[in-house]
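Reading through the structure tokens given below for one structure.
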Amino acid sequence: MSGPKIVTPPFGRSKQTQDSPAATETPGRYPTTRMRRNRRDDSVRRLVAENSLSVDDLIWTIFVVDGENERVPVDSMPGVVRYTTDVIAEAVNEAYELGIPAVGLFPFTDPDRKTPDGAESLKPDNLVCTAIRNIKEQVPDMMVVCDVALDPYTTHGHDGVMDGETILNDETVEILVQQALNQAEAGCDTISPSDMMDGRVGAIRQALDANGYDDVRIMAYSAKYASGFYGPFRDAIGTKAALIGDKRTYQMDPANSDEALREIALDIQEGADMVMVKPGMPYLDIVRRVKDSFGMPTFVYQVSGEYAMIKGAVERGWLDEKVILESLLGFKRAGADGVLTYFAVEAAKKLKG
Ligand code: PBG
């Protein structure tokens, strides 16, 4: 039995072609094919580009701190500051005018307000809620994304409540639901659970719906890894010194990939509108698998450690600042619809110029 016959033009050593060495080659091979033709000039490069990065892909992640008219630098994240609630809307407005569609808020909570149960997270006038109100009053069309997790508010720095060394799941979920409602009440558009407790997306969805917030979205940190790349963030929100142990009983093992798909599938079933992979650069394979498997709006978080690595090297002249946009485009190529990044404003300016 013979297989299907593949019809090709006569490229063998036929009479007509044997004089030309090029024509004796199989089509699709050098020297008939020269890949560089499609890279030769700017026009062709633009025409054949498969992916693009635009300001529409950016979510600007920002820190909020107590005080008045202050922008407090974060040592391990050069160029990043924590804004007080009276000036945050001004910064957000600048981002809005650059075309950035969304901001994500993270609070540096005064240590005096931290408790083992993170009760500060439920106060209607806490830092995040005050920031949401000010932003929504002054820049109403900017999408506001708020983290739901207890770590900025707990004395032990964990994302949930503890019994001895154990992070309690269901008890934590009950508090997270209240935290989400508190943020929705303040005007948050997009609730973003980053805690990695089981069942929290479904519980939050139900509570939002039951309280008239059925149009509030959930962007779930679905595949969030127990990563060393969060170090500078923990400086920025003041949880590094507080954190007892690590987060490996709830955040994912960096060795795993199939498990990420299970996490994503569960969050979709529970009502997530958007899913997220975090960190970004070391997990591009996960972004690709998630996008291919579910076709969901898929986001990726270029986390604080990634920012610090890139920014630190650029500042020292070890890397050219072009790597900023290159790193962001890499997320698009991997399948992300958008990127949470501390580079958003800088990137938007570069894209404009
Ligand atoms: C809190 C949270 C973390 C980040 C976002 N939300 C830290 C953590 O889980 O310890 C990290 C973001 C970053 O590193 O930029 N649950």
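Of everything in segment 116-129 that is free of Cβ contacts under 8 Å to residues at least 60 places away in the same chain and not in a loop (DSSP other than H, G, I, E, B), the residue that is farthest from E171 (Cα to Cα) is C129. Within segment 314-329, residues that are farther than 25 Å from D56 by Cα reach partners that are modelled with pLDDT of 95 or more with beta carbons closer than 6 Å, at six or more positions or on different chains, in the pairs E315/P78; L319/A313.
Among the residues of segment 127-146, those that are closer than 16 Å to G67 by Cβ and in contact with a strand residue (DSSP E or B) (Cβ under 7 Å, 6 or more places away or on another chain) comprise L127, V128, A131. Scanning segment 273-285 for residues that are more than 16 Å from the ligand (Cβ to nearest atom) and under 14 Å from Y225 (Cβ atoms) turns up L284, D285. Here V339, V323 are screened, and the one residue that is closer than 24 Å to V92 by Cα and among the β-branched types (V, I, T) is V339. Listed by position, the helices (runs of 4 or more DSSP H) inside segment 169-240 whose residues that are modelled with pLDDT under 95 and surrounded by fewer than 20 Cβ atoms within 10 Å (Cβ to Cβ) number at least 1 are 231-236.
Screening D258 with (1) over 23 Å from L105 (Cα atoms); (2) touching a helix residue (DSSP H, G or I) at 6+ places or on another chain (Cβ under 8 Å) gives one miss only, at (2).
So, of the residues in segment 292-343 that are part of a loop (DSSP other than H, G, I, E, B) and farther than 21 Å from V80 by Cβ, which turns out to be farthest from the ligand (Cβ to nearest atom)? Looking at residues that are part of a loop (DSSP other than H, G, I, E, B) and farther than 21 Å from V80 by Cβ, I get G295.
Within the set I264, I268, the sole residue that is surrounded by fewer than 22 Cβ atoms within 10 Å (Cβ to Cβ), assigned to a helix (DSSP H, G or I) and of a type in the set (V, I, T) turns out to be I268.
Take the conditions (1) without any contact (Cβ under 8 Å) to a residue 60 or more places away in the chain; (2) closer than 26 Å to M274 by Cβ; V161 misses just one of them, which is (2).
Identify all residues within segment 191-205 that are within 14 Å of the ligand (Cβ to nearest atom) and of a type outside the set (A, V, I, L, M, F, W, C); write none if there are none. S192, P193, S194, D195, R200 - these are the residues of segment 191-205 that are within 14 Å of the ligand (Cβ to nearest atom) and of a type outside the set (A, V, I, L, M, F, W, C). Restricting attention to segment 150-168 and to residues that are more than 11 Å from the ligand (Cβ to nearest atom) and in a loop (DSSP other than H, G, I, E, B), the residue that is surrounded by the fewest Cβ atoms within 10 Å (Cβ to Cβ) turns out to be G164. Does any residue of segment 249-272 turn out to be charged (D, E, K, R), out of contact with any strand residue (DSSP E or B) (no Cβ under 7 Å at 6 or more places or on another chain), within 11 Å of the ligand (Cβ to nearest atom) and free of Cβ contacts under 8 Å to residues at least 40 places away in the same chain? No: zero hits.
The values are calculated or read from the model by the stated rules, or taken from the named source; none is laboratory data. Predicted, not measured: the structure shown is a model, and the values here were computed from it. Cβ sites come from the backbone with ideal geometry, for glycine too, and all protein chains shown count toward neighbours.
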